[in-house]
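This report concerns only the one structure given below.
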Amino acid sequence: MAISTATKAATDALAVNRAPVSVGAQEVHRWLQSFTWDFDKNRTKYSTKYKMANDTKEQFKLIAKEYARMESVKDERQFGSLQDVLTRVDAANRVHPKWNESMKVISNFLEVGEYNAIAATGMLWDSATAPEQKNGYLGQVMDEIRHTNQCGYINYYFAKQGQDAAGHNDARRTRAIGPLWKGMKRVFSDGFISGDAVECSINLQLVGEACFTNPLIVAVTEWASANGDEMTPTVFLSIETDELRHMANGYQTVVSIANDEAASKYLNTDLNNAFWTQQKYFTPVLGMMFEYGSHFKVEPWVKTWNRWVYEDWGGIWIGRLGKYGVESPASLRDAKKDAYWAHHDLFLLAYALWPTGFFRLTLPTAEEAEWYEANYPGWYDMYGKVYEEWRARGCEDPSSGFLPLQWFAENNHPIYIDRVSQVPFCPSYSKGASTLRVLEYNGKKHSFSDQWGERMWLSEPERYECQNIFEQYEGRELSEVIAEGHGLRSDGKTLISQPHTNKDGKLWTLDDIKKIGCVFADPLKAL
Amino acid sequence: MSTSSNAYGAGIMAKTGKAFADEYFAEENQVVHESHEVVLVLKKSDEMNSVVEEILLGDRKADNPTLVVEDRAGYWWLKATGKIEVDCTEVSELLGKNFSVYDFLVDVSSTIGRAYTLGETFTITSELMGLDVKLKDLEKA
């Protein structure tokens, strides 16, 4: 068949100069460099005291097409695994009951962090002037939306497919009474989205993501697997595949301000504040979830912390930046002490306050007590003998009439809430870095557990006005507060939280709590 | 069990109880120490298992004698001194299918160090990219 003149001309031309069959993603990225964008008129919710350079790079040379393709493959793998093989092998019912409870806390709290990170990285997009840096932040905004959905989905999966859904399905309704919620909001919300934009980046990306997501989202999967949970590795390791770009965003934020005069004045203080803010909550809470919320132990929490936080984040991120003036955080000594002891302190208080939670707690067994003493010499004398006393007084049995909270009152060990971190502490019965400090401002007393939070509060006290549960419910009887704060299961009388995970054990009801007559008191009023 | 100083259980991590506490709380360990190591976490998958077993611990093992790889249930934990590099054109040949650096990123779960891509190569390095060393764009063909 004869061909037209035009077709022949085109065929001849292509024989000499072949048209490319495809263009590589990094070639497109290079081509995009020829565009110039002017972001001089940025509108930001919170400005920054630093000047961010406008030639900062995004380290992975990501373009929208490759980003979308990557993320869709990740989701296909994750949801494919969950909806196919993991459901077929009844994976959710193979999880150890103690770990099932830990995941109520970890996945619900991480969801809040991811949700707030959407706003945080949107704010950073507003603040940056370098097009590539903006591109990195924009990718992160979309990642955080994905992660929020992933955390919501894994709770839904546990609730639908697994055991004891209460707490997986409706945790947030207990946010007014649960003593861990407000601290979580401080670290996962306020620290990410309020204040100087670069300071928020240091909180979110350089410390929260580059440091604490490694234990929170990576190491946690090993504990999960050891305790029969294969859903969490499937979802969390997929979440973390985005985090490396976020860590790079945080590093490039520091690169963008490295030559700014303000960095030499403020960066070390901002870094120390961010490190203390993040560690103050993550260190005890993660340690408690890993060790006290598992049956099979992977390694002592302090070793996990030492590896991921001290040696690797400290040495590889912060240590390497030393020649640019970045110093070891001044609060590191106290943080290390907390990494050894604070999760034991926190579990003691969390168990005492169990009726206000949305997950079930279990006292250490004799075998676990041996493990604690071997890895934390001195554990038994401080904590082990207290748990033996509580168990002997029937703390797990609703007919005993005993709540461990009474033990603190009987022994004159008042529990305070740190105003800045919102983390509870008992200064007279603690081995962590907490000591009591009380300051008065505008006719109101404020308790602090450490000099680092106290310093932050002194510089802007109006930022930390959140009421704690002792102030909010002072004079109120515990069962009334639990009912008001939605701490009940769907039968309207059984508590969501319980002091055991024994499936044959009796469950505490509102009536059991009411009989005890426990009334909230604000310890600051007694000072 | 690896005896490398980069191993998961190396140094202080091999100690327990009081011996661990003594070193952990020692005065010299109350500040961070600069480290030239890098850490890479790879989510286990069909492709990543091949990259680890056939390339990093196989054909390319001699290139990086400091590299340690440990199986941590759902993921591979890698640590090396200086850098870890993966050329995805080699992975493509191994797998018998097109496997770009962005396909590789699908299962890279975490990095400690400065990670970046250039062409089809993924690198994580202890160098301070953007500060001591300029981050390069792909050169024109």
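The values are calculated or read from the model by the stated rules, or taken from the named source; none is laboratory data. In this text the structure is predicted, and so the values were computed from the model without any measurement. Here Cβ is always computed from backbone atoms with ideal geometry, including for glycine, and neighbour counts include all displayed protein chains. Note: areas computed on protein heavy atoms with side chains; ligands, DNA, RNA excluded. Shrake-Rupley method; radii C 1.70, N 1.55, O 1.52, S 1.80 Å.
Within region B:28-42, the set of residues being over 11 Å from A:Gly314 (Cβ atoms) and either of a type in the set (D, E, K, R) or not in a loop (DSSP other than H, G, I, E, B) (or both) comprises B:Glu28, B:Glu37, B:Val38, B:Val39, B:Leu40, B:Val41, B:Leu42. Based on this model, can you work out whether A:Phe347 counts as without any contact (Cβ under 8 Å) to a residue 60 or more places away in the chain, within 26 Å of A:Leu495 (Cβ to Cβ), away from every other protein chain (no Cβ under 14 Å) and hydrophobic (A, V, I, L, M, F, W, C)? Here the answer is yes, as A:Phe347 does meet what is asked. For first residues located in region A:52-67 and within 19 Å of B:Val108 (Cα to Cα), partners that are part of a loop (DSSP other than H, G, I, E, B) and lie 6+ apart or on another chain with Cβ distances below 7 Å form the pairs A:Gln59/B:Leu135.
A quick yes/no check of all residues on (1) small (Gly, Ala, Ser); (2) part of a loop (DSSP other than H, G, I, E, B):
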residue	(1), (2)
A:Gly136	yes, no
A:Arg172	no, no
A:Ile177	no, yes
A:Arg186	no, no
A:Ile202	no, no
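Within region B:93-121, the set of residues being more than 9 Å from every other protein chain (Cβ to nearest Cβ) and in contact (Cβ under 8 Å) with a residue 12 or more places away in the chain comprises B:Leu94, B:Leu95, B:Phe99, B:Phe104, B:Thr121. Among the criteria (1) over 26 Å from A:Glu299 (Cβ atoms); (2) within 27 Å of the chain's Cα centre (by Cα); (3) of a type in the set (Asp, Glu), the one A:Glu396 does not fulfil is (2). What residue, of B:Val52, B:Val106, B:Val32, is touching a strand residue (DSSP E or B) at 6+ places or on another chain (Cβ under 7 Å) and open to solvent by less than 60 Å² (accessible area, probe 1.4 Å)? Just one listed residue meets the conditions, B:Val52.
With respect to A:Glu311, determine if the residue is free of Cβ contacts under 8 Å to residues at least 12 places away in the same chain and surrounded by 22 or more Cβ atoms within 10 Å (Cβ to Cβ). For A:Glu311, the condition - free of Cβ contacts under 8 Å to residues at least 12 places away in the same chain and surrounded by 22 or more Cβ atoms within 10 Å (Cβ to Cβ) - is met.
Take the residues of region A:316-333 that are out of contact with any Leu (no Cβ under 9 Å at 6 or more places or on another chain) and open to solvent by 40 Å² or more (accessible area, probe 1.4 Å): which is farthest from the other protein chains (Cβ to nearest Cβ)? It would help to see each step written out before you state the result.
If we filter region A:316-333 for residues that are out of contact with any Leu (no Cβ under 9 Å at 6 or more places or on another chain), which is where we start, we get A:316, A:319, A:322, A:328, A:330-333.
Then keep just the ones that are open to solvent by 40 Å² or more (accessible area, probe 1.4 Å); that gives A:330, A:333.
Numbers: A:Ala330: 9, A:Arg333: 5 Å.
Across region A:316-333, the extreme among qualifying residues is A:Ala330.
Only residues that are part of a helix (DSSP H, G or I) and among the small types (Gly, Ala, Ser) were counted in region A:276-300, giving 1.
Determine whether region A:469-484 contains at least one residue that is assigned to a helix (DSSP H, G or I) and in contact with a Cys (Cβ under 6 Å, 6 or more places away or on another chain). Yes.
Output the residues belonging to region A:42-89 that are part of a helix (DSSP H, G or I), surrounded by 18 or more Cβ atoms within 10 Å (Cβ to Cβ) and small (Gly, Ala, Ser). Correct list: A:Ser81 only.
Among residues belonging to region A:219-237 that are among the hydroxyl-bearing types (Ser, Thr, Tyr) and more than 7 Å from chain B (Cβ to nearest Cβ), point out the one that is nearest to A:Gly287 (Cα to Cα). Outline the logic, then answer.
Filtering region A:219-237 down to residues among the hydroxyl-bearing types (Ser, Thr, Tyr) leaves A:221, A:225, A:232, A:234.
This time we only want the ones that are more than 7 Å from chain B (Cβ to nearest Cβ), so: A:232, A:234.
Details: A:Thr232: 17, A:Thr234: 22 Å.
So, considering only residues that are among the hydroxyl-bearing types (Ser, Thr, Tyr) and more than 7 Å from chain B (Cβ to nearest Cβ), the one nearest to A:Gly287 (Cα to Cα) is A:Thr232.
In region A:285-298, the condition of being farther than 19 Å from A:Asp334 by Cβ and among the hydroxyl-bearing types (Ser, Thr, Tyr) is met by at least one residue.
For A:Asn169, the stated conditions do not hold, so it cannot be described as open to solvent by 20 Å² or more (accessible area, probe 1.4 Å) and touching a Leu at 6+ places or on another chain (Cβ under 9 Å).
Restricting region B:1-29 to residues that are among the hydroxyl-bearing types (Ser, Thr, Tyr) and open to solvent by 20 Å² or more (accessible area, probe 1.4 Å) leaves a set whose member that is nearest to the other protein chains (Cβ to nearest Cβ) is B:Thr16.
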